[in-house]
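Just so it is clear, none of the values below were taken in a lab; they were calculated from the coordinates. Not measured: the values here are computed from a predicted model. No Cβ is skipped: glycine too gets one built from the backbone with ideal geometry, and neighbour counts run over all protein chains shown.
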Amino acid sequence: MIPYSAPIDDMRFTLTHVVGLPKLADLPGFDAVTPDLVDAVLEEAGKLARDVLAPLNTVGDKEGATLENGVVRTASGFKDAYWKYVEGGWNSVPFDPEWGGQGLPWALALPIQEMWQSANMSFSLCPMLNQGAVELLTAHGSEEQKKLYLEKMIAGEWAGTMNLTEPQAGSDVGAVRTKADPQGDGTYRISGQKIFITYGEHDYTDNIIHLVLARTPTAPAGVKGISLFVVPKFLVNADGSLGARNDVRCAGLEHKLGIHASPTAVMAFGDNDACIGYLVGEENRGIEYMFTMMNNARLGVGLQGVSIAERAYQQARDYAKSRVQSRALTGKDPSPVAIIHHPDVRRMLLTMKSQIEAARALSYLTAFALDNAHHNPDEAARKHHAALNDLLTPITKAWCTDLGVELTSLGVQIHGGMGFVEETGAAQHYRDARIAPIYEGTNGIQANDLVFRKVIRDGGAAAFALLAEIKEVAAQAKDGPGDDLVTIGSNLAEAARATEQATTWLLETGKADPAAAAAGAVNYLRLFGITIGGYLTAKGMLAAAEQLRQPGADAKFLDAKMITGRFYADQILPTAQGLLQPIVAGHRSVMALAEEQF
C-alpha cells in the first residue's frame, strides 16, 4: 500500500474559494481562523495522518481487534497512535472552550477528520463517535453531567459511544426493548443487549461513556417511549475520579467485511442486575436528543466516503503511473507504456478525481452551514443555514458514501488482477468503504429523510432556495470566459432544471402517494447530489479561472482544476437528467409485483 499524502492544496482551495471559510472569521468566536492558522493546522494534521496513522492501516486490517476474557485489545500500534493524536490536541478542535475545547469551526475540523479517515478509517471511528457524544451532552446534558464527563471526553482521556441497535431493532429504533427501571434515587437500572456498537469496548482510554437508548416501565410504545441514558463503563465519583466498574460488558466482537481494526461490539447491560444509568434530559425524548449525535455522525460518515475514495484514488493513480502494459494507441512506438496513457484508465481516474473533489466540497459546505447555524449573529442567516444544513446532511451522508463504494471499486479495477489480491491494499479500501452506506441510517433511510422531512415538510422551501443559488452560478459560468465554463454552466442549468422538476413532482405526489415518492427517493437524492456537485465544481472553476489571470498563480494546479471540472461537466452532470424519469414514473413498476412473484 502506497503512503498517504493529504491533498492539502485541494482542501485549502475548496475551503477558501468554494465554501467560503474566510467568512467564518467574521463570526463571534472564530476571529482566530486566519489563513496562517488554517495552513498550520492542515500541515500538522497531514503529518500525523501520513507518519503515524497511515502506516497502521494494513496492520489493523490484518490483525483486527481481539476479545480475551472480556477485554478488547486493539491492533498493534493503535493505542500509541491514539495517544499521539490526543497529545497533539486534535480531539478538542471543534468543541466549546468552556469544557477544554479549542472552539474552531466544524468547517476546519472536517478537513482534519478527512485526513484521519483517509489514513486509517478504522482508527478514525473512535474519535468520530466520541465527538458526536460530546455534541449530544453539550446540547442536552445536565450541568452535573457536563461537569462530570465533557472535559475528559473532549481531552480524549475518555471516549463516548452510541448504543441504539438491538438484534430485533435495527433501523426501527422504536422497537428497542432495553429496559431502564427507576431506582428512586435519580438512577436507573439498565438491562438489555445492544449490537453493532462501534468501539463499544477498547483499550485506548480509562473510561468509556455509553449513550444508551432504553425504555422506562411506563413509557408509551414506539419511538415516543424511548429515553436516553448515560451508562459509564466505570462509575464516576462527584470529584471526577473513577469509581466501581459498572455492570456493562462486551459479550462479543463482530467479524466483518472491513474496518477490521475497529472493534464492533455486542454490549450486555445488567447481566447482574447492577447496571447504573443516568437519564439525559426528560423521559421519552431520547430519540430527539440522539438525533444531535446521529446528525453529527452522518456528516462524519459522509466524509468517510470522500476520505476512503481519496485514499483509493491516490493508490490507483500511482499504480497507473508505474504499471507498464500494452503500447499506446497513438504513435508508432511498439514499446509498452504505463497504463495511465490508456484512455479508459484516464477515464476511470478522472471519474474518481472529479467526484471526490465535488463530494469534498459538499461535505465542507455542510459543515460551513452548521457553523453559521450555530454562530451567525443574524437570526435570518442562522435560520437559512440551519435549513441548508438539514437539507444537505442526508445528501452528504448518502451521495458521498455511495461514491465511496463506486470509486474504491474503480480503484480495484485500475489495478486489474492485482487489485483483487490483498497484497496491493486496493481491496481493503473497497471492503472498508462498504459499511458507510449502511451504518448511521442506511442510504435508503437518508433518501426518505430528504424527501419527506427535508423537502415535503417545508414545501420545498430549502430545496428551491438552494436551486436558485445553483442556477445563479450556472448563469455566471455560461457567461464566463472559455468553453470549459460555458459547458459546465449549460450542463449545470439542465441538471438544476431536472432537480427542480423532480422536486415539484414530489411535492405534488408525496403526501397523497407516499409509496410513489419513496420509490423514487434514492434516485432523487442521487440527482440532487450530482447537481450540487456540479454547482460546487462550477464555483471552483470560476475561482480557478479568476486566479489564472493573477500574477504568480499556481498554473499547474489551477489548470488541473479546470480540466477536472470540464470532465465533471462532460461525463457526470449529463447523467442527472436521466434520473428524472425513474423518479416521476418508476414507482409503477417498483410496486407492481406481488410478494409471491419475487
- Message: Quick check: residue separation of residue 347 and residue 143 times 0.36 nm, minus the Cα distance between them. What number comes out in nm?
- Response: 67.9 nm
- If one takes the longest principal axis of the Cα atoms in the chain, at what angle in degrees, from 0 to 90 and to the nearest 10, does the Cα axis of helix 121-140 lie? 60 degrees
- Task: Mind pulling the angle between the C-alpha long axis of helix 343-375 and the longest principal axis of the chain? Nearest 10 degrees, somewhere in 0 to 90.
- Result: 50 degrees
- Note on the structure: Between the residues 77, 136, 124, the Cα farthest towards the positive end of the dipole of the stretch 8-155, that dipole coming from +1 and -1 charges on the beta-carbon of Lys, Arg, Asp and Glu, is from 77
- Message: I'd like the distance separating the alpha-carbon centroids of the stretch 1-62 and the stretch 219-276, in whole Å.
- Response: 33 Å
- Query: In Å, what Rg and Dmax follow from the Cα atoms of the chain?
  - Reply: 24.3, 87
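For residue 406 and residue 333, FRET efficiency with R0 = 25 Å and r from the beta-carbon atoms, rounded to 0.05?
It comes to 0.15.
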- Task: Using +1 at the Cβ of each Lys and Arg and -1 at the Cβ of each Asp and Glu in the stretch 179-240, identify which of 208, 232, 180 lies farthest towards the dipole's positive end.
- Result: 180
- Query: Once both axes come from the Cα atoms, what is the angle between helix 106-119 and the longest principal axis of the chain, in degrees from 0 to 90, rounded to 10?
  - Reply: 90 degrees
- Sequence-distant residues sharing a close amide H with residue 166 (under 5 Å, placed H): 195
- Task: May I ask you to give the average projected area over all directions of the convex hull of the Cα atoms of the stretch 11-89, in nm² rounded to one decimal?
- Result: 7.6 nm²
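Return the loop-located trypsin sites (Lys or Arg not before Pro) in the stretch 495-562 (DSSP other than H, G, I, E, B) with at most 14 other Cβ atoms within 10 Å of their own Cβ; answer none if there are none. Could you put the intermediate results ahead of the total?
Working: sites: 497, 511, 526, 539, 549, 556, 561; in loops: 511, 549.
Hits after loop and neighbour filter: 511, 549.
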